[in-house]
1. From the list 246, 287, which residue is touching a residue at least 12 places away in the same chain (Cβ under 8 Å), at positive phi and among the aliphatic types (A, V, I, L, M)?
2. Of all residues in the range 346-371, count the ones that are of a type in the set (Lys, Arg) and surrounded by fewer than 24 Cβ atoms within 10 Å (Cβ to Cβ).
3. Select, from 509, 513, 530, the only residue that is under 22 Å from residue 552 (Cα atoms) and touching a strand residue (DSSP E or B) at 6+ places or on another chain (Cβ under 8 Å).
4. Determine whether the range 297-318 contains at least one residue that is more than 30 Å from residue 430 (Cα to Cα), at pLDDT 90 or above, outside any loop (DSSP other than H, G, I, E, B) and not aliphatic (A, V, I, L, M).
5. Does residue 250 count as part of a helix (DSSP H, G or I) and of a type in the set (Asp, Glu)?
6. Against the condition surrounded by 12 or more Cβ atoms within 10 Å (Cβ to Cβ) and either farther than 30 Å from residue 284 by Cβ or small (Gly, Ala, Ser) (or both), how does residue 299 come out, does it pass?
7. Determine which single condition residue 68 fails, assuming it passes every other condition in (1) outside any loop (DSSP other than H, G, I, E, B); (2) in contact (Cβ under 8 Å) with a residue 60 or more places away in the chain; (3) out of contact with any helix residue (DSSP H, G or I) (no Cβ under 9 Å at 6 or more places or on another chain).
8. May I ask you to verify whether residue 424 is within 29 Å of residue 519 (Cα to Cα), out of contact with any Ser or Thr (no Cβ under 8 Å at 6 or more places or on another chain) and of a type in the set (Val, Ile, Thr)?
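The values are calculated or read from the model by the stated rules, or taken from the named source; none is laboratory data. Keep in mind the model is a prediction, meaning the values are calculated, not measured. Counting neighbours? That spans all protein chains shown, and the Cβs are built from the backbone with ideal geometry, glycine included.
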Amino acid sequence: MTHTKENGLWMSGNEAIALGAYEAGVKIASGYPGTPSTEIMENLSRYEGVYTEWAPNEKVGLEVAIGASFAGVRALATMKHVGVNVAADPLFTASYTGVCGGLVIVSADDPEMHSSQNEQDNRNYAFAAKVPMLEPSEPSEAKEMIKLAFELSEDLDTPVILRITTRVSHVKGVVTEGEKTTSKAACGINKMPSKLVMLPAMARQRRNVVEERMQKCRELAETAAFNRIEPGDGKRGFITSGVSYLYVKEAFPEAAVLKLGMCWPLPERKIREFAGMVEELIIVEELDPFLETHIKAMGIVCHGKDCIPNQGELNTAIVREAIEPGSGPELFAPVELPNRPPNMCAGCPHRGIFYNLSRMKVFVSGDIGCYTLGFLPPLSAMDSCVCMGASVSIAHGMAKALGEDGYNKVVSVIGDSTFIHSGITGLINTVYNNSASTLIILDNRITAMTGQQPNPASGYNIKGEAATSLDLEALCRAVGVKHVYKVNPHDVVETRKVLKEAVELREPSVVLSQAPCVLLPEMKARRPVSYFTNQENCVGCMSCIRLGCPALSWNPFAEGEALSRGYRGSQKGLSKIDEILCNDCGQCVSLCKFNAITRAEGKK
């Protein structure tokens, strides 16, 4: 939501990028949801005249944007940093083909791994793919930089990467609306095989074009306003970019700074000029020594990762303390908040699956999604998690490596959106090479982890319009899976019977766990009839507690309390349901053998 604040708009970085893309005249935008980039597409979809879509994965999203660019319109592809790994194949070749209409790729990096499996530094992609990269420091600059990125893309015949980080994506700032512009290219089909068909002969010619283009980028970097020198006291100078620039300015307001809005290619002459202005040069950047490495390669003496951490997010306190130890970091230290361990929601359909898997002697090859929380206690039912789609292939590889010893000991777990993203090919490989492994598809009808974005199996698109819903059962059978089961994961007991049957097979099998996410609007609108604990019947067996549901709590007896209440034996307490948190899934009911859990309408 955008709010007016004084003479501008109060926007997050992601909202500002969406506004900037709209003002830049973007016609086509495609991406895959991934924190911290998700809200860009969600906000852009609200603007008139822009076609937006959620693609099955980032490779497809970028290829859609490339196609739109070839047709002469401005196009945008959005993804988080690990998504660029998926999209790398078309990215590297698009560097050779160049563009017709402007093409911008947003890479949202995640230092500190707030919601990611690694914290790779995607500035390295700009270097490797030989494309320019811009890096804003705050929302207003992000809005202007994406507009500039489209201009550069068309002027230089190149894709342009806009690198943001979690802090820039989610921080709020005042943004000023601007004029809407249009592409310099003409929309339509223009056949240019020597430019767009990358057979070796043409690719070798375009390779020369890439080098000529990068030289133009280097010259531009020397004079462009986004690479600017801010004079200081002359003793200590900083070269920095992105959100690190704000940390430097707050920690050392008197120091000279070279702010790099284009973090690749670098303005070598300007860097040398700045280095000659200061007595000590320090490079402040998050994650890899990217700037530092290239600046040292110029023969310039500087400090960098010898004092600045190379892991996690920076902040003002870290920067100040790293450079001047003991200089009063408490002045800048962020407020320490109590830890709040993540947990699957009350009523989450995935919980029933992981509860059963935790009681089966199987290796669980997991995947990327909110169901990755099945790793945490008390469920502790996930044994590996590498990247999106990897669960299926890893389970197959393990089963083949173990041979007969691996029979009925390996299963893979994947969400519906992740299965569509990159799990289908793994299943095809499993069937083609006849692996005795079981795949469990957690179909909750939505991409839940990133905030309820639809996917090809959800039945509607990014704008909420009706769309063809992918039939996962038919798909699995079409690729050759003979044994496809459907279960309601809330029926924990029946689900376990099906899982045991599937795992015992000596050929590929799929279990479709089908129940909607409890956070879907239609589920939230349905006022649940919650359960409560009839404590007169509770024997303290803790079967329900082992589900790990946040609506369930364990209340141990105080000393002597059991006897005063008339309890006997080894009972040490009672379970209790928080009726406000309960979402009426009934998983705990299916586990209770003592009629101690009752629906609220029967409460006395």
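1. Only one candidate qualifies: 287.
2. Residues flagged as of a type in the set (Lys, Arg) and surrounded by fewer than 24 Cβ atoms within 10 Å (Cβ to Cβ) within the range 346-371 amount to 2.
3. Criteria check complete, one pass: 530.
4. The answer is yes, given that some residue of the range 297-318 is more than 30 Å from residue 430 (Cα to Cα), at pLDDT 90 or above, outside any loop (DSSP other than H, G, I, E, B) and not aliphatic (A, V, I, L, M).
5. Judged against the criteria, residue 250 is a match.
6. Details: surrounded by 12 or more Cβ atoms within 10 Å (Cβ to Cβ): no; either farther than 30 Å from residue 284 by Cβ or small (Gly, Ala, Ser) (or both): yes.
So residue 299 does not fit the description; no.
7. With respect to (1) outside any loop (DSSP other than H, G, I, E, B); (2) in contact (Cβ under 8 Å) with a residue 60 or more places away in the chain; (3) out of contact with any helix residue (DSSP H, G or I) (no Cβ under 9 Å at 6 or more places or on another chain), residue 68 is out only on (2).
8. Criteria met by residue 424.
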